[in-house]
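The numbers here are math on the coordinates, done by the rules we state, and not lab data. Please read these numbers as outputs of a predicted model, since none were measured by experiment. Glycine also receives a Cβ, built like all others from the backbone with ideal geometry; neighbour counts cover every protein chain displayed.
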Amino acid sequence: MIQVVCIKQVADSETRVKVAADGRSLDPAGVTWILNPYDEFALEQALRLREAEGSGEVVVLSLGGAGIQPTLRNALAMGADRAIHLEADGAPDALAVANALAAEIRPLSPAIVWCGRQAIDDDAAAVGPMLGELLGLPCVTSVSKFERSGDSVVVERDIEGGREVVETTLPAVITTDKGLNEPRYASLKGIMAAKKKPIDAKPAALGGPYLEVASLALPAARSAGRIVGQGVEGVPELIRVLREEAKLL
Amino acid sequence: MSVLVFIEQREGQVRSVSREALGEATRLAASLGGGGEVVGVCAAASDPGLAALGDAGADRVLLAAHPGFARYDGAGYAAAVAAAVEAVKPAAVLFAASSLGRDLAPRVAAKLGAGLAADCTSLTATAGALTATRPVYAGKAIQTVRFPKSPALVSLRPKVFAPVTGAGKRGAVEPLAVEPPASGARVREVVTQSGGKVDLTESEIVVSGGRGLKGPEHFKLIEDLAAALGATVGASRAVVDAGWRPHSEQVGQTGKTVSPKLYVAVGISGAIQHLAGMSSSRCIVAINKDPDAPIFKIADYGLVGDLFEVVPALTEQLKKIDVHA
């Protein structure tokens with residue numbers, strides 16, 4: 001059974017965003033790059049499934065510039081069998097990316113295509129469901145519980161004020177949310193083994209563009225507020241300002 | 001130019017996020033000019049009272065009725081929206097950026113070969129062209145995007161756009177013939193949380209607790225304060241990672257981004273990834289014993305003190321006033 005895990009390299013969540021000189025993208029100076037946290041849940045679940053089956057192949061697939069190779073190597077160190085690097089500069093829009101990924105995934109005929117729920121940089125949460133549509137496969141997003149039963153799987157996803165229990169046949173596209181599992185760290189043995197695993201690099205077939213980024217800007221800074229009091233004595237004043245100034249209560 | 005709005009229903013009720021989208025569609029259709037209509041499209045087992053949407057701004061609503069549409073069917077709903085796009089030829093298609101809308105809109109985008117701007121916080125039409133702004137990096141930056149292809153697909157962040165009332169449009173309900181494609185995925189069950197709590201992303205008031213609570217057993221303090229305020233409970237990443245609270249309550253860059261009217265941060269120091277997820281709240285109150293905590297730099301009102309004393313006192317005093325008066 002082949003599983004494909006779509007991963008993305010992103011700026012770490014502690015990054016202080018600075019806008020690059022082009023006025024449209026993140027200034028990469030000083031940024032720590034990580035594997036998108038939601039993709040870690042996807043990769044972990046694929047590895048667990050391969051281990052439970054005792055066979056199969058986990059292929060990680062990523063699109064980006066030359067700088068993403070350490071993240072691919074990290075995924076291989078966690079346990080993926082091989083990596084495919086679709087080369088593209090800049091930050092293509094979600095549908096362009098989905099086109100390129102779908103073209104690569106189709107001939108592999110995987111049982112499951114895994115993606116993180118969303119990348120923590122552009123927060124679009126779009127590539128997964130787009131892949132479902134482009135590949136003609138059922139797709140379930142934001143999955144925080146996964147159970148395999150034969151040729152189908154039962155998953156759960158959070159919705160407003162509750163959760164949905166969804167059953168899907170395989171092959172399918174599944175996007176993963178926090179809570180699904182605890183992703184492993186790469187072991188020393190894994191890191192050594194990853195050095196010998198193949199990374200197949202080729203140009204990405206994007207199509208599009210479907211969306212154009214006109215600008216990236218920092219949000220208006222919040223005006224500094226004030227300390228309304230200390231300890232329990234400050235409580236009446238807090239309630240007063242919320243009622244009279246903020247008119248919230 | 002016309003604007004199409006996906007109308008979301010759950011259990012036969014139109015969700016309020018769809019009224020917000022209709023409100024924005026009404027403003028957008030006016031600024032796009034050309035006397036375009038605001039048209040809704042709804043997938044449901046039967047009519048969830050769509051005629052009432054005339055007052056929310058809908059000139060008419062296309063109803064794709066099918067027994068399989070009672071619950072969410074991604075492939076089927078996408079087919080319904082695509083059929084409506086074919087019929088209406090809109091300049092823009094609006095979705096709510098709800099859990100359903102964020103699943104559905106990308107499917108429709110892929111089906112139509114159209115651009116999607118997800119989770120937008122404002123839309124502008126200049127000279128007939130649409131520009132959307134959307135928070136990225138969980139709100140640490142704001143991206144402005146344009147659409148090289150038509151229609152423009154947009155999902156709208158809940159609680160940001162105002163619904164309109166008394167629009168006095170016709171809201172004529174018209175059938176839309178859609179045969180849902182066979183799909184291997186099926187919603188087997190919808191489990192509702194006890195008490196029908198409002199979701200974090202749609203709540204007017206959020207009270208979040210952090211590591212300052214020292215243990216999961218003390219979250220009762222947060223729950224009591226939230227109850228007194230009619231608020232939804234949130235949590236910092238630290239306490240979710242520690243297993244004190246479920247991940248569905250996490251506010252921040254690897255959790256939910258919220259923009260309530262009032263956000264109360266209790267025992268949360270204010271890590272960058274947390275601030276990213278809540279700094280677009282209208283009013284922020286911080287309660288923390290450390291006067292140098294970064295949370296105070298973005299809070300409108302701060303109270304420095306021991307939360308174990310302050311929070312029960314605040315809850316008690318709030319109970320004495322009618323907060324919703």
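Tabulate in residue order the Karplus-calculated ³J(HN,Hα) for segment B:272-277, using 6.51 cos²θ - 1.76 cosθ + 1.60 with θ = phi - 60°, rounded to whole Hz; enter x for Gly and Pro.
Using θ = phi - 60°, the values come out as 3, 5, 6, 4, 4, x Hz.
What FRET efficiency do you get for residue A:226 and residue B:320 if R0 is 25 Å and r is their Cβ-Cβ distance, rounded to the nearest 0.05?
E between residue A:226 and residue B:320, to the nearest 0.05, is 0.50.
Can you sort A:248, A:47 from fewest to most other Cβ atoms within 10 Å of each residue's own Cβ?
So the residues, fewest neighbours to most, are A:248, A:47.
Share of antiparallel DSSP beta bridges in chain B, in percent to the nearest 5? Working shown, then result.
Values: 13 of 59 bridges.
Taking every DSSP beta bridge with both residues in chain B, the antiparallel ones total about 20 percent.
I want the local charge near residue A:211. Using Cβ-Cβ distances under 15 Å, sum +1 for each Lys or Arg and -1 for each Asp or Glu among the other residues.
Result for the neighbourhood of residue A:211: -2.
Tell me the relative contact order for chain B as a rounded percent, counting alpha carbon contacts under 8 Å between residues six or more apart.
15
What's the center-to-center distance, using Cα atoms, between segment A:113-140 and segment B:269-308 in Å?
If we compute the Cα centre of each part, the gap is 34 Å.
Tell me, B:244, A:33, A:114 in order of fewest to most beta-carbon neighbours within 10 Å?
A:33, B:244, A:114
Measure nothing fancy, just the Cα-based angle from helix B:16-32's long axis to the longest principal axis of chain B, in degrees from 0 to 90, nearest 10.
Roughly 60 degrees, rounded to the nearest 10.
Which percentage, to the nearest 5, of the DSSP beta bridges contained in segment A:2-203 is antiparallel?
DSSP beta bridges in segment A:2-203 are roughly 40 percent antiparallel.
By how many degrees, between 0 and 90 and to the nearest 10, does the Cα long axis of helix B:307-320 differ from the longest principal axis of chain B?
That works out to roughly 60 degrees.
For residue B:87, what charge total do you get from the other residues with a beta carbon under 13 Å from its beta carbon, if Lys and Arg give +1 and Asp and Glu give -1?
Net of charged neighbours comes to -1.
Once the other residues with Cβ under 12 Å from the Cβ of residue B:185 are scored (Lys, Arg +1; Asp, Glu -1), what is the net sum?
Net charge in that neighbourhood comes out at +1.
Quote the charge dipole size of the protein assembly as shown about the Cα centre in Debye, to the nearest 20; the model charges only the Cβ of Lys and Arg (+1) and of Asp and Glu (-1).
Its charge dipole is roughly 540 debye.
Once you sort the root eigenvalues of the Cα gyration tensor of segment B:194-320 as a ≥ b ≥ c, which label holds: rounded (a/c under 1.5), prolate (a/b larger than b/c) or oblate (the other case)?
Note, shape of segment B:194-320 comes out rounded.
Testing the spin-label approximation: label points 7 Å from Cα along Cα→Cβ at residue A:108 and residue B:30. State their distance in nm.
Placing both labels 7 Å beyond Cα along the Cβ direction yields 5.0 nm.
Expressed as a whole number of Å, what is the distance separating the alpha-carbon centroids of segment A:2-39 and segment B:1-76?
Here the answer is 36 Å between Cα centres.
Write down the percent of antiparallel bridges among all DSSP beta bridges whose residues are both part of segment B:1-114, to the nearest 5.
10
Taking springs between alpha-carbon atoms closer than 10 angstrom, which of B:135, B:48, B:312 fluctuates most in the Gaussian network model of chain B?
Among B:135, B:48, B:312, the largest mean-square fluctuation in the Gaussian network model of chain B belongs to B:312.
If we sort A:212-225, B:82-95 on the protection proxy, mean other Cβ atoms within 10 Å, highest first, what's the order? Show your work: numbers first, answer last.
On the way: A:212-225: 13.9, B:82-95: 21.4.
For the peptides A:212-225, B:82-95, the packing ranking is B:82-95, A:212-225.
Which entries of B:149/B:256; A:8/B:261; B:140/B:169; A:202/B:140; B:220/B:320; B:140/B:289 have Cα-Cα distances beyond 28 Å here?
Cα-Cα > 28 Å for B:149/B:256; A:8/B:261; B:140/B:169; A:202/B:140; rest within.
Pairs of Cα atoms under 8 Å, at least six residues apart: use those to get the relative contact order of segment B:3-175, whole percent.
Across segment B:3-175, relative contact order equals 31 percent.
Give a residue-ordered list of calculated ³J(HN,Hα) values for segment A:127-136 (Karplus: 6.51 cos²θ - 1.76 cosθ + 1.60, θ = phi - 60°; whole Hz; x for Gly, Pro).
4, x, x, 5, 4, x, 5, 5, 8, x
When the Karplus curve 6.51 cos²θ - 1.76 cosθ + 1.60 is applied with θ = phi - 60°, which whole-Hz ³J(HN,Hα) does each residue of segment B:248-264 get, with x for Gly and Pro?
Couplings: 5, 9, 6, 9, x, 5, 9, x, 9, 9, 10, 9, x, 5, 9, 10, 10 Hz.
Per-residue counts of other Cβ atoms within 10 Å, averaged by peptide: what ranking do you get for B:21-33, A:235-247, highest first?
Per-residue Cβ counts within 10 Å, averaged per peptide and sorted highest first, yield B:21-33, A:235-247.
By how many degrees, 0 to 90 and rounded to 10, does the Cα axis of helix B:219-229 deviate from the longest principal axis of chain B?
Long axis of B:219-229 versus the principal axis of chain B: about 60 degrees.
So the label point goes 7 Å from the Cα of residue B:146 along Cα→C-beta, right? Which residues of segment B:106-121 then have their backbone N under 20 Å from it?
Counting only backbone N, you get B:114-118, B:120-121.
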